[in-house]
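The values are calculated or read from the model by the stated rules, or taken from the named source; none is laboratory data. Predicted, not measured: the structure shown is a model, and the values here were computed from it. Neighbour counts run over all protein chains shown; Cβ positions are idealised from the backbone, glycine included. For the accessible areas, the whole protein counts, side chains as well, though only heavy atoms, and no ligand, DNA or RNA atoms are used. Shrake-Rupley method; radii C 1.70, N 1.55, O 1.52, S 1.80 Å.
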Amino acid sequence: MDITYFDYAATTPVRDEAIAALTGELAQFGNPSSRYEYGRQAAARLKANRETVAKALGCTPAEVFFTSCGTEGDNWAIRRGVEPGRRKGRHIITTAIEHSAVLETCRDLAAQGYEITYLKPDRQGHISAEDLKAALRPDTVLVSMMLVNNETGALLPVKECVRAVKAFDRNILFHCDAVQGFLKVPFTMASLGADMVAVSGHKIGAPKGIGALYIKRGVKLRPLLTGGGQEEGLRSGTEATGQIAAFAAACAAVCADKDRLERTAAIRDYTLTRLKESLPKLEVVSGGETAPHICAVTLPSYKSEVVVRLLGDRGVCISSGSACHKGKPSHVFAAMNLPKAWLDGMLRISFSPDTTTQQADILVSALAEAAASLFTTLS
Ligand code: PLP
């Protein structure tokens, strides 16, 4: 069966450049900590790969710490990020629409006595910087806010919120989960201003199992993993040199594709226009400032799990995925206060810069056919 893939927010195909870098690195097995030639060569390649990732992030190599995934970066930043302010207080601010890597970590800290404020989104999934300002308290120690929401594509006002937080109290640490924003919307570590930023390789064409946490120079964060003292003593564990090489290669290849954001926006716009023509009942949920690669739509009153399955049977991959978990609407859509009929029919379509109009046409016909067959069954 031919596969037509529209789930790039879930994961991306591993790029050829990343596979070549991975296999090349795997053929050279030296441990970067070893003091002989194999080790020295591995350490030199690791250094070069760190420089490449730092360039993509827009920071210095000394601020890049390799992790196993975005989830690890979020856990590290939040669990350790509350520590410096421990004497001052136990209040954390985050949003109701964060990924579970952040929400579950906050929930765990709540069980340890932290108080969490969850900022609520509007009906398009946007968070207001004014709400953040109003939530700041003298005992606030950490703010964790994602850059791009993984279900709606909403772009959060991180820059503005960092400024507001630092103006209120510069000792409050600001963590940003940029897993869905990295190389998908224009930003650098300097322009964002956050103290910690988590990113993940498998969203940008690297294999699963590699990510990075940016820690701003001067920010003191204790390690989450202790042991052999790799990564300047901050993230122990023998470096995953193959995954890191693949991550760096993917970063370089994506950065070299200069008009990728425009191409992604164009194919998203084309797809939405065609969907609205063919499915007059379809409502576009995402709106306002969004990243171009993610869009939430709904077919009100349809069951999204059934629609996703019918499309899957035709080889078309979209997600209700995070949208619907065990029959319940996702926490993101639930927080957006949408009508029940909209929640039932919620679908997430996500794009790559190389998604073609032919693929979009296949999606549109498959969705129109699925909706027609379900309508017949239901009526
Ligand atoms: N944060 C966001 C916004 C995500 O979308 C994801 C993954 O989907 C993660 C964190 C977790 O990243 P990883 O899969 O690398 O652990």
| said: Need the list of lysines near residue 208 for cross-linking: C-alpha distance under 22 angstrom, and skip anything on the same chain fewer than eight residues off. | reply: 47, 55, 184
| task | Round to the nearest 10 and give me the degree value, 0 to 90, for the angle of helix 260-278's Cα axis relative to the longest principal axis of the chain. | result | 20
| message | Per q in 0.07 Å⁻¹, report the Debye log10 I(q)/I(0) for the chain, using one uniform scatterer on each alpha carbon and no solvent. | response | -0.33
| Along principal axes, Cα extents of the stretch 98-167, largest first, whole Å | 32, 29, 17
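For the stretch 61-210, which whole percent of the accessible surface, found with a 1.4 angstrom probe, sits on carbon and sulfur atoms?
The C+S portion of the solvent-accessible surface of the stretch 61-210 is 52 percent.
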| task | Any chance you could give the angle, 0 to 90 degrees and rounded to 10, that helix 70-81 forms with the longest Cα principal axis of the chain? | result | 50
| task | Counting only heavy atoms of the protein chains, get the accessible area per residue of the stretch 153-215 (1.4 Å probe) and round it to a whole Å² value. | result | 28
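If you take every DSSP beta bridge fully contained in the stretch 166-257, what fraction is antiparallel? Give it as a percent rounded to 5.
Around 60 percent antiparallel, to the nearest 5.
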| What size of dipole, in debye to the nearest 20, comes out for the chain about its Cα centre when the only charges are +1 on Lys and Arg C-beta atoms and -1 on Asp and Glu C-beta atoms? | 1020
| note | Quick shape summary for the stretch 123-164, equivalent ellipsoid via Cα gyration tensor, semi-axes whole Å in descending order, reads 20, 10, 9
| said: Please enumerate, by chain and number, the aspartates and glutamates with C-alpha under 17 Å from the C-alpha of residue 281, excluding those fewer than 8 residues away in the same chain. | reply: 344, 369
| said: So for each of 23-33, 283-293, 308-318, 203-213 I average, over its residues, the number of other beta carbons within 10 Å; can you give me the resulting order with the highest mean first? | reply: 203-213, 283-293, 308-318, 23-33
| said: What is the ratio of the Cα radius of gyration of the stretch 263-353 to 2.2 N^0.38 Å, with N the residue count, to two decimals? | reply: 1.03
| field | Extended-chain gain in nm, criterion 0.36 nm per residue less alpha-carbon gap, residue 277 and residue 190 | value | 27.1 nm
| task | Give the residue from 282, 14, 76 lying farthest towards the positive end of the charge dipole for the chain; charges sit on Cβ (+1 for Lys and Arg, -1 for Asp and Glu) and the dipole is referred to the Cα centre. | result | 76
